[in-house]
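The values are calculated or read from the model by the stated rules, or taken from the named source; none is laboratory data. Worth saying up front: this structure is predicted, and the values here are computed from it rather than measured. All Cβ positions, glycine included, derive from the backbone under ideal geometry; neighbour counts span all protein chains shown.
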Amino acid sequence: MLTEEQLLVTRHIRGHARVTAVAGAGKTTTMVRYVLERLRSGMDPRLVRVVMFNKAAQEDFSRKLQLAVGGAFGLPPVRTFHAMGRNLAISLAKEGYLPPFDPTPLGDTQIGIEMLRALQASAGTSSQRAAIRDEQQQWLDAFVGFVDLAKSSLQTPESSFYAGGYPDQYELFIEAFARFEQWRKAAARVTFSDYLYDPCCAIAANPDLAQFLANRVELFVVDEFQDINDIQFFLLKTLAGERAHLQVVGDTDQCIYEFRGARPDYMLTHFGENYPHSSYQMSRTFRYGHRLSLAAAHLIAHNQRREPVLCISADNAPATKLELRLQTADGFSLADLCLAEHASGRPFRDMVFLCRTWAQAAPVELVLLQRGIPNRITGGSRVLERQEIKVLLVLLRIMSGRFNEQSPADCQQQVFDLLRFCELKIKHEVLRRYAQRVLSDGHGFTALKLSDDGLSIYQEQRLQRLAVALDGIEKSVSAGLGLETFLADLDLLKAIRDNALSSEDGENRAATIGAFVGFVAMQGDQSPAAVVAMIEGLRVADADPKQGASVTDAVTITTMHRSKGLEWPVVILPGLSAHYMPYQAGRRRRADEEQQESERRLMYVAMTRAIDALYLFTPSLDCHKGWEGGLRPELNILPSPFLREMNIPLAVELGAVLEDGTGSSRADAGLALTSTARSYLTALALDGEFSSAFPWVDIFEFGVAVRHDLHGDGRIVALDEHGITVKFSDKQVYFSALLVEKVLQLIDSPLEDLATRELHSEFVSGEVLAHSKYGRGIVADVDARFIHVRFREGSKSFRKDLFRATRITGQK
């Protein structure tokens with residue numbers, strides 16, 4: 001049975017409609033019912049188009065629609081945007097608007113060959129051509145991403161390049177794009193992106209064609225509209241013309257595919273600018289319970305660019321567990337959780353690790369392998385199969401004395417791979433000569449000290465340093481220390497970061513290496529030979545097809561981006577540090593606030609995949625003493641600021657009270673409620689039952705006097721989004737914002753009387769305020785929608801309905 005909100009959507013008849021549907025709101029069921037009602041009203045199914053985001057969603061919707069319709073009506077076409085574009089491109093080719101082409105998409109191998117040719121032809125210098133040749137896969141991955149982004153709109157490749165914020169070293173992509181397109185058109189071939197790109201380019205160049213294609217359909221139903229990009233919106237507008245009504249369904253809080261050209265603006269503003277419409281909300285989720293809904297609502301409320309919709313758990317939603325846990329350095333806390341869940345009767349296949357990057361997946365996979373927990377990687381490669389890890393295994397074999405047990409061909413290839421790994425900036429043919437010398441001349445790695453024609457002094461020095469480092473590897477008796485020393489002697493992690501094609505790629509490679517080295521170091525005093533035997537045992541066990549559990553019952557490891565549209569009983573989010581969430585590496589030229597909001601949406605999507613339990617793992621959750629010196633520590637050891645934004649203690653406590661279901665427990669709860677929590681209770685018509693609740697206030701601000709059990713009395717002298725600095729009598733100490741309320745006790749506030757202080761959302765020009773992130777500021781202007789504030793670091797604008805700050809009275 002549908003909810004009242006769902007029924008309102010299915011009863012929409014006239015004009016355009018925009019439906020905001022939260023995660024787990026049953027939108028597929030509602031959309032099927034909506035289409036069914038239109039067919040029952042007499043609409044010709046041939047004049048209806050249902051557009052889904054991907055093939056899996058299209059097949060699921062088609063199946064459910066067929067079951068709902070039975071044999072009573074014909075079925076309307078259900079397509080993805082790319083399938084719709086493919087059919088259109090074939091038709092336009094038959095009519096002569098496009099040249100004839102082979103509709104079978106190019107394979108990845110052929111695309112790679114032709115794109116590398118285009119890159120080489122576009123390279124301006126011999127050193128750049130050598131770099132492309134030596135690091136083919138990295139260049140190819142980056143160029144493929146650029147081509148996909150450029151073909152997500154009708155802008156010029158130059159505009160896409162600069163809008164995408166690519167670094168200057170990629171500027172050859174613009175010319176390479178033109179060269180690849182020239183080859184593709186001459187060969188009459190298409191990529192997946194061209195199913196939309198080619199027909200849309202033809203339509204844009206021919207207004208008569210646009211008029212010819214328009215007005216053939218009466219109704220478009222479009223799912224996941226928050227993920228639409230420019231070229232998809234262009235095609236939709238063209239085909240709809242003046243005749244078709246549009247019903248679009250989505251949620252701007254779940255817009256996470258900006259690297260493909262998606263932006264929240266399409267649903268927030270662009271649709272309304274083009275189509276006057278009725279707006280509907282589906283605010284009840286059936287996937288997860290109040291604890292998770294409250295935490296997610298508190299988190300996403302910090303975004304400015306969003307629809308003011310609140311996700312509320314339905315009465316029959318599960319009572320989802322929500323726990324914040326310490327991630328130990330050895331990673332055993334992650335494995336222990338999986339084993340505990342499994343011991344309670346839950347199969348491994350019900351569990352998923354959602355990582356922000358593939359680098360985070362490496363330590364997860366390693367610790368699960370070590371503890372014998374079956375696991376599968378979705379969308380990525382196994383950690384022991386990654387190239388950088390294979391090279392580290394070569395170093396371990398050298399340490400163990402087992403390197404030469406392999407065939408001569410294998411040894412030579414592995415030495416070559418090792419030399420490439422060391423960022424020597426030497427041509428591959430020269431490195432192959434050195435690999436042959438190492439194995440054939442009887443010199444071993446001392447052969448790296450020999451000169452070679454054409455090498456610069458710098459290159460010879462790098463080779464000599466490498467020879468010394470490898471001599472140390474051969475003598476090392478500690479696997480972990482040996483790898484750490486080798487990397488440090490050559491400063492390899494820095495070189496990998498500096499020489500990567502993008503800072504994000506460099507960070508991922510360096511982090512993966514660091515995770516593996518840390519894993520090896522965790523093996524303690526085991527000899528290099530024992531560590532090699534252990535890792536090879538893990539490799540064999542992981543690859544054994546006879547182990548049915550690894551196929552039918554395994555923990556899934558994937559990324560947050562790949563979790564969209566899916567759900568699992570148990571969701572585990574590892575490594576929630578301030579470095580990885582929001583992600584600090586690989587940033588392009590996007591504004592900080594825009595990046596923050598994008599990362600917050602990604603976190604929101606990852607959280608809301610859970611059904612029965614959500615576990616949030618973060619470092620330093622036990623660091624109650626803080627960090628002496630008063631300086632903020634490295635971001636990778638600080639908890640994510642998003643965890644504090646979730647207000648987890650309140651979400652857990654209030655969620656438990658709501659699920660308890662008794663009026664007396666609510667009246668006696670005595671909770672400190674945020675404005676988000678108040679809105680949540682109002683939506684449930686329960687705000688009157690929480691008579692003892694009082695407003696929640698962030699009391700730990702600049703100048704406040706506090707007390708710590710170990711350090712004594714002090715005063716807050718600095719704040720940032722990650723924590724605070726307290727000056728005690730003999731030292732300054734930095735505390736994580738997530739732990740402040742646990743470890744510090746308020747003594748007094750010099751700013752104003754705590755009994756009367758509150759968070760304000762209504763301000764007038766000239767007032768002084770204190771903001772939790774930017775500190776003190778002066779209100780510069782207030783208009784109908786926004787409040788504009790001048791802070792020390794510059795002016796900021798905030799939506800009035802979301803803005804919260806503390807007014808500092810009597811000061812200007």
- prompt: In segment 106-138, which residue that is among the small types (Gly, Ala, Ser) and in a helix (DSSP H, G or I) is modelled with the lowest pLDDT?
  reply: SER127
- prompt: Among (1) outside the structural domain of GLU484 (by TED's automatic domain parsing); (2) farther than 26 Å from ALA479 by Cβ; (3) among the aliphatic types (A, V, I, L, M), where does ILE426 come up short?
  reply: (1)
task: Mind listing whichever residues of segment 643-691 are part of a loop (DSSP other than H, G, I, E, B), modelled with pLDDT of 85 or more and surrounded by fewer than 18 Cβ atoms within 10 Å (Cβ to Cβ)?
output: LEU684, ALA685, LEU686
field: From the options VAL19, VAL9, VAL51, residue that is outside the structural domain of LYS564 (by TED's automatic domain parsing), in a helix (DSSP H, G or I) and either over 29 Å from the mean Cα position of the chain (by Cα) or at pLDDT 95 or above (or both)
entry: VAL9
statement: Across segment 109-154, the tally of residues that are exposed (fewer than 15 other Cβ atoms within 10 Å of the Cβ) and of a type in the set (Phe, Trp, Tyr) stands at 0
query: Can you tell me which residues in segment 367-411 are in contact with a Ser or Thr (Cβ under 7 Å, 6 or more places away or on another chain), at pLDDT below 90 and closer than 19 Å to ALA530 by Cβ?
result: none
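Give me the residue from segment 77-89 that is in contact with a helix residue (DSSP H, G or I) (Cβ under 6 Å, 6 or more places away or on another chain) and in contact (Cβ under 8 Å) with a residue 60 or more places away in the chain and, out of that set, nearest to ASP223 (Cα to Cα). Before the answer, list the steps.
Kept after step one, since they are in contact with a helix residue (DSSP H, G or I) (Cβ under 6 Å, 6 or more places away or on another chain), are these residues of segment 77-89: 78, 80-82, 85-86, 88-89.
Add one more test, that the residue is in contact (Cβ under 8 Å) with a residue 60 or more places away in the chain, and what stays is 81-82, 85-86, 88-89.
Details: PHE81: 10, HIS82: 14, GLY85: 16, ARG86: 19, LEU88: 20, ALA89: 22 Å.
In this case the residue turns out to be PHE81.
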- prompt: Regarding GLY250, is this residue small (Gly, Ala, Ser) and either in contact with a strand residue (DSSP E or B) (Cβ under 6 Å, 6 or more places away or on another chain) or not assigned by TED's automatic domain parsing to the domain that holds GLU135 (or both)?
  reply: yes
statement: Residue pairs within 9 Å by beta carbon, gap of at least six or interchain, first lying in segment 369-388 and in a loop (DSSP other than H, G, I, E, B), second acidic (Asp, Glu) and surrounded by fewer than 16 Cβ atoms within 10 Å (Cβ to Cβ), listed first then second, are ARG371/ASP336; PRO374/ASP553
- request: Identify all residues within segment 77-105 that are more than 35 Å from the chain's Cα centre (by Cα) and either surrounded by 13 or more Cβ atoms within 10 Å (Cβ to Cβ) or not in a loop (DSSP other than H, G, I, E, B) (or both); write none if there are none.
  value: ILE90, SER91, LEU92, ALA93, LYS94, GLU95, TYR97, LEU98, PHE101
- line: Condition set among the charged types (D, E, K, R) and not in a strand (DSSP E or B), scope segment 276-311, selection surrounded by the most Cβ atoms within 10 Å (Cβ to Cβ): answer is ARG291
- request: Check LEU424 against each of (1) in contact (Cβ under 8 Å) with a residue 40 or more places away in the chain; (2) within 22 Å of MET560 (Cα to Cα); (3) not in a helix (DSSP H, G or I) and name the one condition it does not meet.
  value: (2)
query: Looking at LEU450, LEU455, which one is touching a residue at least 24 places away in the same chain (Cβ under 8 Å) and not small (Gly, Ala, Ser)?
result: LEU455
field: Wholly within segment 146-238, helices (runs of 4 or more DSSP H) carrying at least 1 residues that are modelled with pLDDT under 95, among the acidic types (Asp, Glu) and within 24 Å of SER503 (Cβ to Cβ)
entry: 157-163
